[in-house]
Amino acid sequence: MALKISTGLRNAMFARNSRAKSLMSAATISYGDGTGTGGNDQILDSGDGLAGFVVGDFVTTKAASTTTNDGYYKILAVAAGALDVAAGSLTTESAATAGTVILAASENGGSLDEVLRNCVLDLRAGTAPATADAVETGTLLCQITLGSGAFSAGAATNGLNFDEDAIAAGVIAKTSAVWSGVNLATGTAGYYRLYANDYITGASTTSARIQGTVGTSGADLILASVSLTSGATTTIDTFSYTLPASA
């Protein structure tokens with residue numbers, strides 16, 4: 001195995017902190033108990049000033065009329081004028097005070113989970129480059145996204161995520177969501193690159209990405225078969241990283 005971490009990712013994990021993404025104060029804020037998808041609670045804005053938040057951001061509410069609605073919540077779903085948070089978090093409140101403040105942390109923080117939130121994974125043919133900073137080699141055989149959905153750099157839609165709620169023993173793994181893609185070409189997968197949501201390719205010492213070998217055994221990423229056929233679907237069942245206790 002030959003796992004390679006880009007300079008950009010290593011630098012981000014050492015030095016970058018979560019940054020404020022959006023700060024607002026509005027009398028149009030309200031709260032819904034169980035009004036969201038699947039019974040989620042919701043933070044609502046009749047003025048629709050919640051644009052720019054994405055799933056996985058963390059939002060802090062302050063100065064709500066119902067003091068128990070003040071807190072720190074992870075965004076589970078986003079719709080026009082509505083942010084879903086976990087059920088049981090909020091009490092219904094029809095109108096917030098003008099002093100209500102919402103502060104969301106940037107999705108690009110310092111941990112691997114944050115830096116690689118809504119990422120994308122490419123499977124390529126051939127031998128992997130010497131480092132994850134180098135230009136990609138080999139044919140792009142498949143792009144792995146959420147449920148084979150279309151991915152656009154900079155957008156959260158169909159990006160891949162790790163399960164931050166199940167980190168244990170120094171291991172972080174993919175969520176239970178389906179990671180898959182429709183093969184773009186026929187060939188033998190030799191290595192993969194996992195890219196941050198900005199999906200910067202080519203030579204770079206600033207982009208965050210991880211590179212690893214692909215095989216049916218003894219590789220960084222295990223597939224049922226490395227022989228990919230154009231038009232068929234490739235699914236990744238397990239995917240994880242382990243931070244060693246010593247180096």
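Rank PHE162, PHE58, PHE14 by mean-square fluctuation in a GNM of the chain with C-alpha springs under 10 angstrom and give only the top-ranked residue. Judging by the Gaussian network model, the answer is PHE14. With both labels modelled 7 Å from their Cα along Cα-to-Cβ, the LEU184 to THR67 distance reads 5.5 nm. Here the Kirkwood formula, the inverse mean of 1/r across different C-alpha pairs, assigns the chain a hydrodynamic radius of 19.5 Å. With 0.36 nm allotted per residue and the present C-alpha distance subtracted, the THR7-ALA155 stretch has 51.0 nm of extension available.
How many Lys pairs in the chain lie less than 22 angstrom apart by Cα atoms, where the lysines are 8 or more positions apart or on different chains?
Close lysine pairs under the 22 Å cut-off: 5.
Which of rounded, prolate or oblate describes region 150-247 when judged by the alpha-carbon gyration tensor and an a/c cut-off of 1.5? In terms of gyration-tensor shape, rounded. Taking all Cα pairs closer than 8 Å and separated by 6 or more residues, the relative contact order of region 20-105 comes to 45 percent.
If the chain between THR137 and THR35 were fully stretched, how many nm would it gain, using 0.36 nm times the residue separation less the Cα-Cα distance?
Between THR137 and THR35, full extension yields an extra 31.9 nm.
Here the Gaussian network model covers the chain, with springs between Cα atoms less than 10 Å apart; of THR157, THR205, THR216, THR216 fluctuates the most.
Rounded to whole numbers, the Karplus 3J(HN,Hα) couplings from phi for region 137-152 are 10, x, 6, 6, 8, 7, 10, 8, 9, 6, x, 6, x, 5, 10, 10 Hz, using 6.51 cos²θ - 1.76 cosθ + 1.60 with θ = phi - 60°, and x at Gly and Pro. Each Lys and Arg Cβ is given +1 and each Asp and Glu Cβ -1; about its Cα centre, the chain then shows a dipole of about 720 debye. Farthest toward the positive end of the dipole of region 20-105, out of ILE43, THR67, PHE53, is the Cα of PHE53, where the dipole comes from beta carbon charges about the Cα centre. The amide H of CYS142, built 1.01 Å from its N in the peptide plane, has LEU123, LEU184 as neighbours under 5 Å, considering only residues 5 or more places off or on other chains. Note on the chain: with a GNM built from Cα contacts shorter than 10 Å, the maximum mean-square fluctuation among ASN197, ASN11, ASN118 falls on ASN11. Computed on the chain, with alpha-carbon pairs under 8 angstrom and 6+ residues apart, the relative contact order is 22 percent. Amide H neighbours of GLY110 under 5 Å, counting only residues 5+ apart in sequence or on other chains, H built in-plane at 1.01 Å? Placed amide hydrogens put SER18 under 5 Å from GLY110. Applying the Karplus relation 6.51 cos²θ - 1.76 cosθ + 1.60 with θ = phi - 60° to region 24-34 yields 3J(HN,Hα) values of 9, 9, 8, 7, 8, 6, 9, 9, x, 8, x Hz, where x marks Gly and Pro. Each of LEU121, VAL171, GLY159 was placed along the dipole of region 100-247 (beta-carbon charges, centred on the mean Cα), and the one lying farthest toward the positive end is LEU121. Counting 0.36 nm for each residue step from SER46 to ASP165 and taking away their Cα separation leaves a gain of 39.7 nm.
The overall shape of region 20-105 is rounded: from the C-alpha gyration tensor, with semi-axes ordered a ≥ b ≥ c, the ratio a/c is less than 1.5. Our coupling estimate for region 204-213, obtained by passing each phi through the Karplus curve with A = 6.51, B = -1.76, C = 1.60 and θ = phi - 60°, is 6, 10, 10, 6, 8, 7, 10, 10, x, 6 Hz, Gly and Pro reported as x.
Quick note: the coordinates plus some simple rules give every number you see, no bench work behind them. All figures in this text were calculated on a predicted structure; none of them were measured in a lab. Virtual Cβ from ideal backbone geometry, glycine too; neighbours counted across all protein chains shown.
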